[in-house]
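These notes concern the structure reproduced below.
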Amino acid sequence: MTALARRLAVVPLVLLGVTLVTFALVHALPGDAALVQAGTARGASPESLAAMRAEYGLDRSWPAQYAAWLGRSARLDFGDSLVDGRPVRAKIAEALPTSLALALLAAALAFGVAVPLGAALGWLDRKAWARATSAALYGIYALPVAAVALLVLRAGAPWGARTLVGMLPAAGALALAETVKLARYQRGALLDALAADYVTTARAKGLGPAGVAVHALRNALLPTVTLLGSELPALLSAAVVVEQVFGLHGIGMMAFDAVMTRDVPLLLGITTVGALVTLAAVLAADLAYGLVDPRLRGRAA
Amino acid sequence: MSAWRRFSSTPGARLGLAILAVFVLAAALADLMPYGPEEQHPGGVTTVLAPPSMAHWLGTDDRGRDVASRLVHGARVALLVGPLAVALYVAVGLLIGAAAALGRRADFVIGRLIEIGLLFPALLLLLAIQGVTSRTSLAEVAFAIAVTQWPYVARLTRAEALRVAAAPHVEAARAVGAGRLRLLGVHILPLAATPAITAAAFGIGYAVLFETALTFLGFGVPPPTASWGELLAQAQASGLRPWLLWPPTFAIAAVVLACNLVGDGVRAALSAPLQAAGA
Amino acid sequence: MRPWLALALALAVFPTAGCKRSRAPAHSDGGAAGQSGAVTVRPNAPELVQCPATGCPLDFDEAGPPRDGGELVVHVEAEPAILCDLVEHDAWSRWIVENEVVETLLFQDPWTGAITPRLAASFESTADALTLHLRPSLKWHDGAPFSSADVAFTIGRARDPAVGADARSDFDPVSAVETPDANTVILRLTRPAPFLKQALAHLSILPEHLYKGKDLRRADASRAPIGTGPFKFVSWKQNDELVLARNPDYWGEKAHVDRIRFRFIRDKEVAYQLYRRGEIDVLWQVPATHFDEVRNDPALTGHRLLVWTPRAYFFVVWNSERGHLADPRVRRALTMLIDRQRFDQVAFGGHARAITGPYAPGTPSYDASIKPWPFDPAAARKLLDEAGVKTMKLTFLYYGASRSAEQLGTLMKEDFAKAGVTIDLASVDFAVQLDRLRHHAFDASALQWTLSVEQDNYQLFHSSQAAGGENFGSWKSPAADALLDQIRQTADDNARHALDRKLHALVHDEQPYTFISMREVETLLQPRVHGLLPSQDGFTFARAWLSK
């Protein structure tokens, strides 16, 4: 079995573990879906709560509920959302593309700006103004995403956009902090690479500045590529705030609501789908290592 | 050159230390501020959400509390939660990530561990803790941050560690007979730590911003504790009043800047062994 | 002196820049005595309509005869989960569909409480029966005929304990629902049912042919409601918008606007920005932090700013079974330690009204002579000493995302400490708060209730409701029980209102709740919007129209 296949074989196990933990945690929380829906309204009575619980399957034991969910999800049927009875699959299918688009746009923006910016700042590190720019970036990083989002919205950005272009301001707001961080990583990595001995050797061999730059950059790209694998999921979850402020309906907000309303099937569905996306992203990043540094090719798995 | 010399000769590293020292001092002497951070009727009269004035240099918040005082006291929370969380997740992430260089099998296990870490529902865990204890203390916030962040550090470290492990000087050391643990501790770890250091430098800023989001959702530090996150949450809720938004932003920026400058110095201090070993 | 008169006089005495007009009381739908608010038109600011406690004038304005056509965009903060108000309990999200698409048998004026016909063209009340004569030849939006069978079906579902409808207990006095013919419904009563007509004014009738044998939550009609109202349902995209269109075949006075788009925007600040951009026509709640600046904003000249008070009150519920909290003196002392005026200032910018009991101020059930317990830490301390309390430790449970609850908590923390009472603030999520309330696992908690025009307080205060009902504080008072039982049996309005006032006095004395305040709301309307008035039971969308 190749390394890749071995890695893929473990995925169901990982999913099982994560969904089990999620299930356990949500049931450990006080309150359940029936209670939340009844709210403080007058109509709730022990009978109506019991009826709701029976309808949602919440009156069975935990192992029975989880087993039932497992059985259904193996057929990719995640059940119905407890809040409105719509199929979980449909709700996720509505929200996922938006989240993915937002995260990918944000990642593209962040990398697109951060890599050249960071590399430039690293290359020109001895210049005082480069250092000053580096320092000023922190001001941008320190702004909370929601504040940035509100400022961008105030400046006239569209709300509730459906197209990729319309989502650009939102993606930009989301990407801002990410860009600063990545630029720093890139700069740091380049500085290290430039100080490394193989660069000294290359210089001694007579390689011009451009050659040295390319050489160093290739090595310095590694952390950046690594981040691609992990920042995408991070962007997916950090998007909750941006989603809310810009009126984009992604799985970030849906997941948060699912926890608040104790909507167990929806939460488990989102966890599973989110996990698959994350694992795919991580795998893609690991495979990309092989492209950046041939020595690591075999390590992809 | 000793490590300290390498550190202090890095431009900005000493400035960074100085900035951090100022914040630590401010946090320590916070009680000297003219108004208490929780006083809702300072001086008997209060206006709510008042812009900066002679009486209140940074204005008042939505309950009439002095913003300047809350800013300075907020440094305590930032300097407690931030470093605590960062220490936790950098230590864990660094060790786990570097261990991937121990061998193929270790790498496989570490890779899967990191994946599980990335998928772990930290918000749920935080809620579960809060649901049971009815409050979120500083320690819990720090723990929540650590639980979410360690996989990123681990991934970065792992990638660097693998790359460094394939470098010629490490091969050389291996050929000479250095044991795996010695390889890891002396040759690989210091170099693989570079991205982790950057992560740590941003960590404190990230911790405060995470805390802002939590406060906004209602799960932040227990009220009426003063924190920069709480000021920012108020800024968001009040339509971005400038005296609530900019002071904590600048404070965070200054702290993150300082940490990054110090981080540059630390990286310089650590990278010298490469020169010594490689050339 | 009647409130509106006082207000009009006050405004006449204090001149404001610009001209102002006071409107005379006008005819309302309910044919009641009439009410009015003062309308102030100013040159460089929005037109201000200050509605008194008795309500907003239902008939003022409007520049010219109503014009047909146009699309009205309304901001809604809380999106309903299911469009069926028997199972959707959130009062603030139901009104989109209630009154617009689906209708009730009777109509209740949200301010005066007067009951008038709607789907029931007329009705007769006797001691043991309520007979309703439905309008003949009415059709549902899908063409099917509306009949008494639909009414019987709906009431049957409302009474089903498994459904958990809010109206369930209102039908307790009903022993049978008879439908002798397609246009008559007779409700047989075992005892007087003073709240029945009010309940029928808030029970949307469901189409039996679409719900029979189906689960209320899952039926298609709960996602795409079919009704008899002035608007038809068009579409609903979750987290986005819900669209209604004018029903040209409506049996009554037809609506004017062609379409209504309800946009769901959770963040009030964002909604406010969108309103300023002109993307929303009706902003029904201006964020509290912008309350004052909006009143004098020249950029909003020509817009209409309605200031009104929904019938809802914010309060602290004490767990009357725990330790010292069982003693009414202690509860009264704690009330005197809460600076309600300061809280109003902090949380609502001072835009709130005081309330002292569980009835709507301005109605006959509310005893206006009762004054709130003053904020008096010294007196509170004396009371505590009297009750034998040296120090006390309490946990204040609240929904963490509620800013005002947190503000109340921190205020209480500071003030209580001065009297030797320590408060721990426990911020939790909504589900946890509900859980703790229903299991009585708390000391004090902050909540908000909405009030009917005449509130039936049985479920809130009767001792039988402590286990499984809304009596979260487990307050058990034989005197209150007697009053509540009697209220439910008293058909004569005046007699019943007198009993309500007695209950008000008792509750004020014993403080199972500390009543904090009723917050004021500012609703903004774009200049082109006319004929639209708010109430928490819904807006007058059927009468709204848009000028060019």
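The values are calculated or read from the model by the stated rules, or taken from the named source; none is laboratory data. In this text the structure is predicted, and so the values were computed from the model without any measurement. All Cβ positions, glycine included, derive from the backbone under ideal geometry; neighbour counts span all protein chains shown.
For the stretch A:271-289, give me each residue that is more than 13 Å from the chain's Cα centre (by Cα) and either farther than 16 Å from residue A:100 by Cβ or touching a residue at least 60 places away in the same chain (Cβ under 8 Å) (or both).
Once the filter is applied, which keeps residues that are more than 13 Å from the chain's Cα centre (by Cα) and either farther than 16 Å from residue A:100 by Cβ or touching a residue at least 60 places away in the same chain (Cβ under 8 Å) (or both), the stretch A:271-289 yields A:272, A:283, A:285, A:286, A:287, A:288, A:289.
How many residues, within the stretch C:119-161, are in contact with an Asp or Glu (Cβ under 6 Å, 6 or more places away or on another chain) and buried (at least 16 other Cβ atoms within 10 Å of the Cβ)?
Qualifying residue count for the region: 5.
With respect to residue C:502, is the statement that it is part of a loop (DSSP other than H, G, I, E, B) and either modelled with pLDDT of 95 or more or basic (Lys, Arg) (or both) true?
For residue C:502, the condition - part of a loop (DSSP other than H, G, I, E, B) and either modelled with pLDDT of 95 or more or basic (Lys, Arg) (or both) - is not met.
Six or more apart or on different chains, Cβ atoms under 6 Å: show the pairs whose first residue is in the stretch A:151-164 and at the interface with another protein chain (Cβ under 10 Å from one of its Cβ atoms) and crowded, with 18+ Cβ neighbours inside 10 Å and whose second is assigned to a loop (DSSP other than H, G, I, E, B) and not polar (S, T, N, Q).
That search, which allows pairs on different chains as well, returns A:159/A:247; A:160/A:247.
From the list B:154, B:200, B:233, B:142, which residue is out of contact with any Lys or Arg (no Cβ under 8 Å at 6 or more places or on another chain), without any contact (Cβ under 8 Å) to a residue 24 or more places away in the chain and either farther than 30 Å from residue C:434 by Cβ or in a helix (DSSP H, G or I) (or both)?
B:233
Within the stretch C:264-287, which residues are touching a helix residue (DSSP H, G or I) at 6+ places or on another chain (Cβ under 8 Å) and not in a loop (DSSP other than H, G, I, E, B)?
C:269, C:270, C:272, C:273, C:276, C:283
What are the pairs, 6+ residues apart or on separate chains, where a residue within the stretch A:23-51 that is of a type in the set (Phe, Trp, Tyr) has its Cβ under 9 Å from a residue that is surrounded by fewer than 18 Cβ atoms within 10 Å (Cβ to Cβ)?
If the second residue must be surrounded by fewer than 18 Cβ atoms within 10 Å (Cβ to Cβ), the pairs left are A:23/A:62.
Hey, can you tell me all the residues within the stretch C:299-350 that are outside any loop (DSSP other than H, G, I, E, B), of a type in the set (Gly, Ala, Ser) and modelled with pLDDT under 90?
Filtering the stretch C:299-350 for residues outside any loop (DSSP other than H, G, I, E, B) gives C:299-300, C:304-308, C:312-318, C:323-326, C:328-336, C:340-348.
Imposing the further condition that a residue be of a type in the set (Gly, Ala, Ser) reduces the set to C:299, C:312, C:323, C:326, C:333, C:347.
Across the stretch C:299-350, the qualifying residue is only C:347.
Across the stretch C:420-455, what is the total count of residues that are more than 11 Å from chain A (Cβ to nearest Cβ), assigned to a strand (DSSP E or B) and either within 29 Å of residue C:200 (Cα to Cα) or in contact (Cβ under 8 Å) with a residue 60 or more places away in the chain (or both)?
3
Can you give me the number of residues within the stretch C:456-469 that are of a type outside the set (Phe, Trp, Tyr) and part of a helix (DSSP H, G or I)? Please lay out each step first, then the result.
Step one: list which residues in the stretch C:456-469 are of a type outside the set (Phe, Trp, Tyr), which gives C:456-457, C:459-460, C:462-469.
Filter once more, keeping what is part of a helix (DSSP H, G or I): C:459-460, C:463-465.
The qualifying residues number 5.
From (1) buried (at least 20 other Cβ atoms within 10 Å of the Cβ); (2) within 12 Å of another protein chain (Cβ to nearest Cβ), pick out the condition that doesn't hold for residue C:277.
The number of the failed condition is (1).
Which numbered condition trips up residue C:387, out of (1) surrounded by fewer than 22 Cβ atoms within 10 Å (Cβ to Cβ); (2) more than 13 Å from chain B (Cβ to nearest Cβ); (3) within 23 Å of residue C:441 (Cα to Cα)?
Exception for residue C:387: condition (3).
Assess whether residue C:393 counts as being surrounded by fewer than 21 Cβ atoms within 10 Å (Cβ to Cβ) and either within 13 Å of chain B (Cβ to nearest Cβ) or of a type in the set (A, V, I, L, M, F, W, C) (or both).
The answer is no for residue C:393.
Consider residue C:163 carefully, then state whether it is touching a helix residue (DSSP H, G or I) at 6+ places or on another chain (Cβ under 9 Å), in contact (Cβ under 8 Å) with a residue 60 or more places away in the chain and either within 28 Å of residue C:126 (Cβ to Cβ) or not assigned by TED's automatic domain parsing to the domain that holds residue C:452 (or both).
Yes: the conditions hold for residue C:163.
Kindly indicate whether any position in the stretch C:246-254 is surrounded by 18 or more Cβ atoms within 10 Å (Cβ to Cβ), touching a residue at least 24 places away in the same chain (Cβ under 8 Å), outside the structural domain of residue C:82 (by TED's automatic domain parsing) and polar (S, T, N, Q).
There is at least one residue in the stretch C:246-254 that is surrounded by 18 or more Cβ atoms within 10 Å (Cβ to Cβ), touching a residue at least 24 places away in the same chain (Cβ under 8 Å), outside the structural domain of residue C:82 (by TED's automatic domain parsing) and polar (S, T, N, Q).
Among the residues of the stretch C:81-102, which ones are of a type in the set (Val, Ile, Thr) and either touching a strand residue (DSSP E or B) at 6+ places or on another chain (Cβ under 6 Å) or not assigned by TED's automatic domain parsing to the domain that holds residue C:536 (or both)?
The answer is C:96, C:101, C:102.
What pairs come up if the first residue lies in the stretch C:321-348 and is assigned by TED's automatic domain parsing to the domain that holds residue C:466, the second is among the small types (Gly, Ala, Ser) and part of a helix (DSSP H, G or I), and their beta carbons are under 7 Å apart, counting only those six or more places apart or on different chains?
C:333/C:380; C:336/C:379; C:336/C:380; C:337/C:380; C:347/C:404; C:348/C:288
Do any residues in the stretch B:162-188 that are more than 13 Å from chain A (Cβ to nearest Cβ) have Cβ atoms under 6 Å from those of residues that are crowded, with 18+ Cβ neighbours inside 10 Å and outside any helix (DSSP H, G or I), where the two are at least six apart or on different chains, and which pairs are they?
If the second residue must be crowded, with 18+ Cβ neighbours inside 10 Å and outside any helix (DSSP H, G or I), no pairs are left.
Which is over 30 Å from residue A:80 (Cβ atoms), under 24 Å from the mean Cα position of the chain (by Cα), modelled with pLDDT of 95 or more and outside the structural domain of residue C:531 (by TED's automatic domain parsing), of C:281, C:258?
Numbers: C:258 fails: under 24 Å from the mean Cα position of the chain (by Cα).
None of the other options fit; the residue is C:281.
Could you please tell me which pairs satisfy a Cβ distance under 6 Å, a separation of 6+ or placement on different chains, a first residue in the stretch B:237-257 that is facing another protein chain (nearest Cβ under 7 Å), and a second residue that is of a type in the set (Val, Ile, Thr)?
B:238/C:289; B:239/C:289; B:252/B:208
How many residues, within the stretch C:186-238, are away from every other protein chain (no Cβ under 14 Å) and assigned to a loop (DSSP other than H, G, I, E, B)?
Final tally of qualifying residues: 16.
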